[in-house]
1. Measure nothing but the geometry: give the 0 to 90° angle between the long axis through the Cα atoms of 33-49 and the longest principal axis through the Cα atoms of the chain, rounded to 10°.
2. Identify which of the listed values of mean projected area of the Cα convex hull in nm² was calculated from the structure shown: (1) 8.0; (2) 10.8; (3) 21.3.
3. May I ask you to evaluate 6.51 cos²θ - 1.76 cosθ + 1.60, the Karplus curve with θ = phi - 60°, for each residue of the range 123-128 and list the ³J(HN,Hα) values in order in whole Hz, giving x for glycine and proline?
4. Determine ³J(HN,Hα), in whole Hz, for all residues of the range 61-72 in sequence, where each value follows from phi through the Karplus function 6.51 cos²θ - 1.76 cosθ + 1.60 and θ = phi - 60°; x replaces Gly and Pro.
5. Suppose only helical runs count, i.e. DSSP H with n ≥ 4. What mean residue ellipticity at 222 nm does that imply for the chain under -39500 (n - 2.57) per run, divided by all residues and rounded to the nearest 500 deg cm²/dmol?
6. Using only Cα atoms and rounding to the nearest 10 degrees, what angle (0 to 90) does helix 15-28 make with the longest principal axis of the chain?
Amino acid sequence: MMSPLETDIIILLFAVPLLWAAVMDYMKRIIPDWTWIAILLLGVMSAFILPHPTLLQRIAGFLLPGICLLSLAMKYGGVGGGDIKLTAAIGFSFGLYGLTSILFFALLPALLYSKLTRQKSVPLAVFLCTGFFIHAGIALITGR
């Protein structure tokens, strides 16, 4: 069994590639492949170390949002491939329930930003990063 500090360190390791993805998405509207690959690899490693989320939750977190975003991108546009891959990697790493929390805190500000700036597409990695930090902060405070 891991101590809460070790679990917190593992969770915060996700911050480095996610922050870089957010900066690059904001500045250049591109998410480097290494960022989502690093998050996915950290998720695979954490699957062997952390008891939660379960493998089924991780697979659901990987497939469901990825398929939904891909279908949205194909039908309406505005969602880039990097956004889809990053969301799927976060979904695998934190499971479907964790991703739901992250998306809740990410998509509300993204919608507000879209309405205020009147842009059809937004730098989603910026808002995913925001959602991640709120989710991680709540997890650190509550001890979950």
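Bear in mind that the values in this text are calculations on the coordinates, not laboratory data. Just so it is clear, the model here is predicted, and its values are computed rather than measured.
1. Approximately 30 degrees, to the nearest 10.
2. Only one option fits the structure, namely (1).
3. x, 4, 4, 4, 6, 5
4. Residue by residue, the range 61-72 yields x, 7, 7, 4, x, x, 5, 4, 5, 5, 5, 4 Hz.
5. -28000 deg cm²/dmol
6. 10 degrees
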